[in-house]
Amino acid sequence: MATAPAEVRPARKIDRKRVLMRATVFCKDGARVVRIRDLSTEGALIIAEDRLPVGTDVIFKRGPVFAAAQVAWANSASAGLKFYRELDPSDLAPAAAPLASERS
């Protein structure tokens, strides 16, 4: 697959936080602990042990933040979640902060 050079690709419109933290994704099969790679007000890039079906509705939970989302794409190692409602940037601060259980 060919890709355009970086200088001709359009810039992303949203600010994304590069993180590597745990989150929980609730889907119809139950809860799954995942790793967050990127987090923005519009969605998240996650790493999951089991592939999430594309088009599935899920609840994303990180600390005090709960967000309804849909699995926009998935491959064997990761998935992109698109939040149904754009989060306020102030909502991302608690989600991007280390949890007490991750500080030790």
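Readers should treat all values here as calculations from the given coordinates under stated rules, not as data from a laboratory. Quantities reported herein were computed from a predicted structural model and do not represent experimental measurements. Don't worry about glycine lacking a Cβ; one is built from the backbone with ideal geometry, like all the others, and counts go over all protein chains shown.
Taking only C-alpha pairs under 8 Å that are 6+ residues apart, what is the relative contact order of segment 16-91 in percent? Result for segment 16-91 is 27 percent.
Summarising the label geometry, the points placed 7 Å from Cα in the beta-carbon direction at residue 27 and residue 82 lie 1.7 nm from one another. A Förster distance of 25 Å, applied to the separation of the beta-carbon atoms of residue 42 and residue 75, puts the FRET efficiency at 0.80. Note on segment 16-91: Cα Rg divided by 2.2 N^0.38 Å, N the number of residues, gives 0.96. Summing Cβ point charges (Lys, Arg +1; Asp, Glu -1) relative to the Cα centre of segment 16-91 gives a dipole of roughly 240 debye.
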